[in-house]
Amino acid sequence: MLEVTGIGARYGHIPALHGVSLAVAAGEAVGIVGHNGMGKTTLLKTLMGYLPLTSGAIRFDGREIGREPTHRRARLGLAYVPQGREIFPFLSVAENLRMGRAGTGLDEIVADFPALAPLLRRQGGALSGGQQQILAIARCMTTRPKCILLDEPTEGIQPSIVEEIAALLARLRAQRNLALVVVEQRLEFVAGLAGRVLVMQKGSIVKEMPAADLADRAAIEDIVGMGG
Ligand code: ATP
């Protein structure tokens, strides 16, 4: 579904990605972990086209998209849930969903995300962090994506809702054969969702391991820096 080969990206003159390669199959969930500032967000932004490639190629669903603008990548079925969720705080939940909508009816989306049904008239900014995250995921599903890039979906969210989000993503993956690329600091969340995990260090992928290995915190503390 997604095949990334040797991609580079930079901020001004400062390189931030150094030849990153990875592949994600349809219906597969892959985790990306690493210390702060190692390039995880930059990788997702580059895949989505918010940062230009300086080298390499991105194939998505059989097409080269590395030089396509973001909206075209979105139309082809790549979706992005940014860090911090970036919902529209002064719009209602229903309006937030309409902003993302590209062919999917509101009823259809609410049927898929029943937790949002009682909240449709509520202002986005008045929702809890977890509700905002569910809204951000629902918003991105309005484009009927084949692959979603999620940047720290559990950041600042209370544990009970973290489980709800994990179950939601697992259900979407199973029902829609959706591919997921999940940047995440909560290792147990990644371990429950993904099959494989890629470790980023200084703009490169330095290691790949089965997600089950995340249970061995001591072994990964050095690489990931969050064993505690
Ligand atoms: P975090 O977990 O803190 O979000 P990250 O692994 O996602 O970290 P990035 O945000 O991708 O890391 O940052 C990678 C590098 O690029 C860091 O050195 C960072 O300072 C730099 N960087 C990120 N955004 C910008 C920007 N807009 N302008 C210049 N440099 C940036």
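The values are calculated or read from the model by the stated rules, or taken from the named source; none is laboratory data. Quantities reported herein were computed from a predicted structural model and do not represent experimental measurements. Because the Cβ atoms are built from the backbone with ideal geometry, glycine has one as well, and the counts that use them run over all protein chains shown. Just so you know, the surface numbers come from the protein's heavy atoms only, side chains and all, with ligands and any DNA or RNA stripped out. Shrake-Rupley method; radii C 1.70, N 1.55, O 1.52, S 1.80 Å.
Just one of Ala23, Ala29 is closer than 16 Å to Ala179 by Cβ and touching a residue at least 40 places away in the same chain (Cβ under 8 Å); which is it?
On the way: Ala23 fails: touching a residue at least 40 places away in the same chain (Cβ under 8 Å).
That would be Ala29, the only listed residue that is closer than 16 Å to Ala179 by Cβ and touching a residue at least 40 places away in the same chain (Cβ under 8 Å).
Once region 99-115 is narrowed to residues that are modelled with pLDDT under 90, open to solvent by less than 60 Å² (accessible area, probe 1.4 Å) and assigned to a helix (DSSP H, G or I), the residue that is nearest to Ile165 (Cα to Cα) is Asp112. Of all residues in region 24-62, those that are closer than 25 Å to Glu188 by Cβ, more than 16 Å from the ligand (Cβ to nearest atom) and out of contact with any Gly (no Cβ under 9 Å at 6 or more places or on another chain) total 3. In region 60-74, the residues that are on the phi < 0 side of the Ramachandran plot form Cβ pairs under 6 Å with partners that are of a type in the set (Val, Ile, Thr) and not in a strand (DSSP E or B), at six or more places apart or across chains, as follows: Arg73/Ile65; Ala74/Thr143.
Yes/no matrix, rows are residues, columns are (1) at pLDDT below 95; (2) more than 22 Å from Arg144 (Cβ to Cβ); (3) aromatic (Phe, Trp, Tyr):
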residue	(1), (2), (3)
Met38	yes, yes, no
Gly49	no, no, no
Thr54	no, yes, no
Pro69	no, no, no
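Those strands (runs of 3 or more DSSP E) of region 1-98 in which at least 2 residues are surrounded by fewer than 18 Cβ atoms within 10 Å (Cβ to Cβ) and among the hydroxyl-bearing types (Ser, Thr, Tyr), considering only elements entirely within it, cover 2-11.
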